[in-house]
Structures are given as C-alpha cells and as structure tokens.
Amino acid sequence: MQLLILASLGGALGAGARHLVNIGAVRLLGPAFPWATLTVNVIGSAAMGFLLGVIALRLAGSVEWRTFLLTGILGGFTTFSAFSMDAAQLWARGASGLALLYVLSSVMLSIAAFYFGAFAARQVL
C-alpha cells in the first residue's frame, strides 16, 4: 500500500508539471508542432537516466524512491500515449514528413537524453 501511495503522489506531481510544460510550450512556440510532448519526453528521459544513477549509487536501490520518482513523478510527467496521438495527428493532417521528423527526433533525443542523464549522475556522484 505504501508503494501505491508513493506512486500516486509522484504521479500527481508529474502530471501537474507536464500540464505546466504544455501551457508554456503552446504560449512560447505555438500549437503547430507537439513541442510540449517532445519536451517532456526528452527531459523525462534525461531525468530517468540521472535518477536511476542516483538511486543506484546513493540510495542503495531504494524501491520507495524508485517508485516515487521514476514510476510516479516521471510516469506522470512523460507520456507515450500523447506522443502517439501527436504523431498520428500530424500524419492525418498530411504532414507526413513532419510526423516522421517528430517520431525520429522524439526517440533519438529521448534515448540520448537518457544516456546523458546517466552520465551526469556518474559525474556528479
């Protein structure tokens, strides 16, 4: 039950943060491209790599911290379902090149950000 509460609290914080990024991205960059989803997925991937390193190296692999931070906060912050919807909407609008660019950049940048986060954790710790 404790892990469920930790995941739920973290999820609420992550979802709130994602909402703020959505608002900011539309205000700054407009609605023509899914900048908000790309942003949260890349930032979330970097944070996932970093936090996995911190949990492994400093928090003795704590299941409580992993549940709160990774499953909860980052699970609520990032979203593959929104990524899928955004790509499908770009494709449906006839912007197949932009849809492909979005899919490739989301995947490649998120993987690169994960490795950067893990590298940063090793350097900091």
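For the criterion of being within 18 Å of the chain's Cα centre (by Cα) and under 22 Å from His19 (Cα atoms), Val40 passes.
Within segment 1-40, the set of residues being of a type outside the set (A, V, I, L, M) and either in a loop (DSSP other than H, G, I, E, B) or in contact with a Phe, Trp or Tyr (Cβ under 6 Å, 6 or more places away or on another chain) (or both) comprises Gly10, Gly14, Arg18, Gly30, Pro31, Phe33, Pro34, Thr37.
Scanning segment 62-83 for residues that are buried (at least 16 other Cβ atoms within 10 Å of the Cβ) and either without any contact (Cβ under 8 Å) to a residue 40 or more places away in the chain or among the hydroxyl-bearing types (Ser, Thr, Tyr) (or both) yields Trp65, Arg66, Thr67, Leu70, Thr71, Thr78, Thr79.
With the condition kept exactly as written, say whether any residue in segment 81-93 is among the aromatic types (Phe, Trp, Tyr) and outside any loop (DSSP other than H, G, I, E, B). Yes, that holds for at least one residue.
Only one of the listed residues (Leu6, Leu28, Leu51, Leu57) is over 14 Å from the mean Cα position of the chain (by Cα) and crowded, with 17+ Cβ neighbours inside 10 Å. That residue is Leu6. Among residues of segment 9-32 that are modelled with pLDDT of 95 or more, those with a beta-carbon under 6 Å from a residue that is open to solvent by 60 Å² or more (accessible area, probe 1.4 Å) at least six positions away or on a different chain give the pairs Ala25/Trp35; Leu29/Trp35.
Every residue, every condition in (1) under 12 Å from Phe33 (Cβ atoms); (2) out of contact with any strand residue (DSSP E or B) (no Cβ under 8 Å at 6 or more places or on another chain); (3) surrounded by fewer than 16 Cβ atoms within 10 Å (Cβ to Cβ); (4) modelled with pLDDT under 95, yes or no:
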{"position": "Met85", "(1), (2), (3), (4)": "no, yes, yes, yes"}
{"position": "Leu90", "(1), (2), (3), (4)": "yes, yes, no, no"}
{"position": "Ser96", "(1), (2), (3), (4)": "no, yes, yes, no"}
{"position": "Ala99", "(1), (2), (3), (4)": "yes, yes, no, no"}
{"position": "Val103", "(1), (2), (3), (4)": "no, yes, no, no"}
{"position": "Val107", "(1), (2), (3), (4)": "no, yes, yes, no"}
{"position": "Ala112", "(1), (2), (3), (4)": "no, yes, yes, no"}
{"position": "Gly117", "(1), (2), (3), (4)": "no, yes, no, no"}
{"position": "Arg122", "(1), (2), (3), (4)": "no, yes, yes, yes"}
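The values are calculated or read from the model by the stated rules, or taken from the named source; none is laboratory data. Remember, it's a predicted structure, so these values are computed and weren't measured experimentally. Counting neighbours? That spans all protein chains shown, and the Cβs are built from the backbone with ideal geometry, glycine included. The area values use the complete protein model at the heavy-atom level, side chains included, leaving out ligands, DNA and RNA. Shrake-Rupley method; radii C 1.70, N 1.55, O 1.52, S 1.80 Å.
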